[in-house]
Amino acid sequence: MPDAVSPPRIVIASTLKPVHDTRAWEKFGLSLRETNKYEINIIGFSTKKIEISHKVKFHSSQAVPNSLISRIKAQLIFRKLLLEIRPQLVICCTFEYLPIVQQLKDKIGFRLIYDVQENYILNLSLRKNSPDWKIKLWEKVIKLAEESKAIDHYILAEKCYQSQFHDRKPALVLENKFVGEIKTILPKKPEEKYGYHFVISGTLAESFGTLNGIEFFKAVVKEYPFSRLTIIGQTTVPEFEKVLLKQVENQPQIDLKIDSIPVPHSEIIEAIQSADFLLCPYEIHAAFEGKIPSKFFEGQALGIPILYPKNETWKSFFKESAGGFSIDFYKPQEYLSQFRLALDQVYFLNPNQLEVNWESDKPGFLKLVEGLIQA
């Protein structure tokens, strides 16, 4: 237990997520800071070694994308930080740190929450060009790490993880909801004009449908010549970035704002707010089944209609709010006719802004943290 003078110390740690990550910092970190009860340490990707603000310290993992050596080095840095900080609670946001946490848990005496942000093993199937031996090796590494006996409580980022991970209990579901002002969103019918602004945001990859989104836009721009497309986000595969650049050559109406490191979330939100439609052309894949992408919450919270693939889970998500319209991205010959149908819809007939906002989940998170620290 912490002494009577210093507040309990909490570590929220990831490897390649930025220290100002939407989930780790804007949800978990800021919510904890608001209580004024804890000293918070955020570990993640950063170009700086350490930043300090009121009762918050940001530490760089010094890991960089596509560098296995730096990710191994990050393990040593993480271990050193845990021994220096000596926290009462660790919220681990990646499987990579679980072995280190298990080694040090009894020595330091902290409680451990594992924030399950992804089904990492299932996601390996998205790596279409990776050799089988590498996939199998990662499967073993992930499985071994996630079988840790040191975990006191789980946080699940998706409701579907409750069925995918039967043994991960006790667990609290905290979806990737929007962080920000709760606004009143009124029903919206797109106005008729000669051009529309589309945005593709977040992770940019073939499986996320980025190339399908570009082809959809190219079909639409023939009928609506003043349309434009903004593509903003992170490309984690250099080979795909080359393909992406090739696809937008000689396309002045397509604006690329991409990077190999995470793009600041504030810039992504700014882009979404400027859009007429948020384009989410995911491929049909088992790794996406049952999941609700964070941009669905963002689009609904900001009042931006979403064009999404035909998917029963997503159809159900938008059923009450009418915040989106499904497009069959496997029928390019019908792109234009489908978009015309999207223009005829009235969106946000019954949006529940609190339901898609982090504020609805924050009390449960704070109760969990307080209960573990006091135990």
Exercise for review: Could you list the GluC sites (Glu not before Pro) in the stretch 252-359 that lie in coil according to DSSP, counting only those with at most 12 other Cβ atoms within 10 Å of their Cβ?
Suggested key: GLU320
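Over all pairs of distinct alpha carbons, what does the Kirkwood formula give as the hydrodynamic radius of the stretch 329-375, in Å?
Taking the inverse mean of 1/r over all distinct Cα pairs, the stretch 329-375 comes out at 14.8 Å.
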Check your understanding: Along its principal axes, what span do the Cα atoms of the stretch 234-311 show, with the longest given first and each in whole Å?
Key -> 31, 31, 23
Check your understanding: Any idea what % of Cα-Cα pairs in the stretch 236-370 are farther than 25 Å?
Key -> 37 percent
Review point. What is the local net charge at ILE85, summed over the other residues whose Cβ is closer than 9 Å to its Cβ (Lys, Arg +1; Asp, Glu -1)?
Key: +1
Check your understanding: Given the stretch 127-283 reduced to its alpha-carbon atoms as identical point scatterers, what log10 I(q)/I(0) does the Debye formula return at q = 0.10 Å⁻¹?
Key -> -0.54
Review point. Which lysines, on any chain, are close to LYS310 with Cα under 17 Å apart, when same-chain ones fewer than 8 places away are left out?
Key: LYS291, LYS295, LYS319, LYS331
Point to revise | Charge dipole magnitude, Cβ of K and R +1, D and E -1 - the chain, Cα centre, debye nearest 20 | key: 960 debye
**Study point:** Rg followed by Dmax, in Å, when the stretch 1-124 is reduced to its Cα trace
**Key:** 13.8, 46
Practice item. Just tell me which lysines come within less than 26 Å, Cα to Cα, of LYS80; anything on the same chain fewer than 8 places away is out. Key: LYS17, LYS27, LYS37, LYS48, LYS49, LYS55, LYS57, LYS105, LYS107, LYS140, LYS143, LYS149
Study note, to complete from the structure: Dividing the alpha-carbon radius of gyration of the stretch 62-194 by 2.2 N^0.38 Å, where N counts its residues, gives 1.35
Exercise for review: Amide H neighbours of ILE306 under 5 Å, at least 5 residues apart or on other chains, H built in the peptide plane: list them.
Suggested key: LEU278, GLY324, PHE325
**Study point:** Mean-position separation - Cα centroids, the stretch 319-333 and the stretch 120-134, in angstrom
**Key:** 28 Å
Practice item. Grab the alpha carbons of the chain, take their convex hull, and tell me the volume per residue in Å³. Key: 139 Å³
Review point. Per-residue HN-Hα couplings for the stretch 63-76, Karplus 6.51 cos²θ - 1.76 cosθ + 1.60 at θ = phi - 60°, whole Hz, x for Gly and Pro?
Key: 8, 10, x, 6, 10, 5, 4, 5, 6, 5, 4, 4, 4, 5
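One-quarter of the Cα convex hull surface for the stretch 193-237, in nm²?
Working: hull surface 11.8 nm².
Its average projected convex-hull area is 3.0 nm².
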Check your understanding: Tell me, what HN-Hα J-couplings in whole Hz come from the Karplus equation 6.51 cos²θ - 1.76 cosθ + 1.60 at θ = phi - 60° for each residue of the stretch 110-119, using x for Gly and Pro?
Key -> 9, 9, 10, 10, 9, 8, 7, 8, 9, 8
Review point. Toward the positive end of the charge dipole of the stretch 1-110, about the Cα centre and with charges on Cβ (Lys, Arg +1; Asp, Glu -1), which of SER14, THR94, GLN75 goes farthest?
Key: GLN75
Review point. How much accessible area per residue does the stretch 84-236 have, in Å², with a 1.4 Å probe?
Key: 49 Å²
Practice item. Could you check how much of the accessible area of the chain is carbon and sulfur, as a whole percent, using a 1.4 Å probe? Key: 53 percent
Practice item. Can you tell me the 0 to 90 degree angle between the C-alpha axis of helix 362-374 and the longest principal axis of the chain, rounded to 10? Key: 10 degrees
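The values are calculated or read from the model by the stated rules, or taken from the named source; none is laboratory data. These numbers come from a predicted model, not from an experiment. FYI the Cβ positions are ideal-geometry reconstructions off the backbone, even for glycines, and counts take in every protein chain you see. These accessible areas exclude ligands, DNA and RNA; they are computed on the full protein's heavy atoms, side chains included. Shrake-Rupley method; radii C 1.70, N 1.55, O 1.52, S 1.80 Å.
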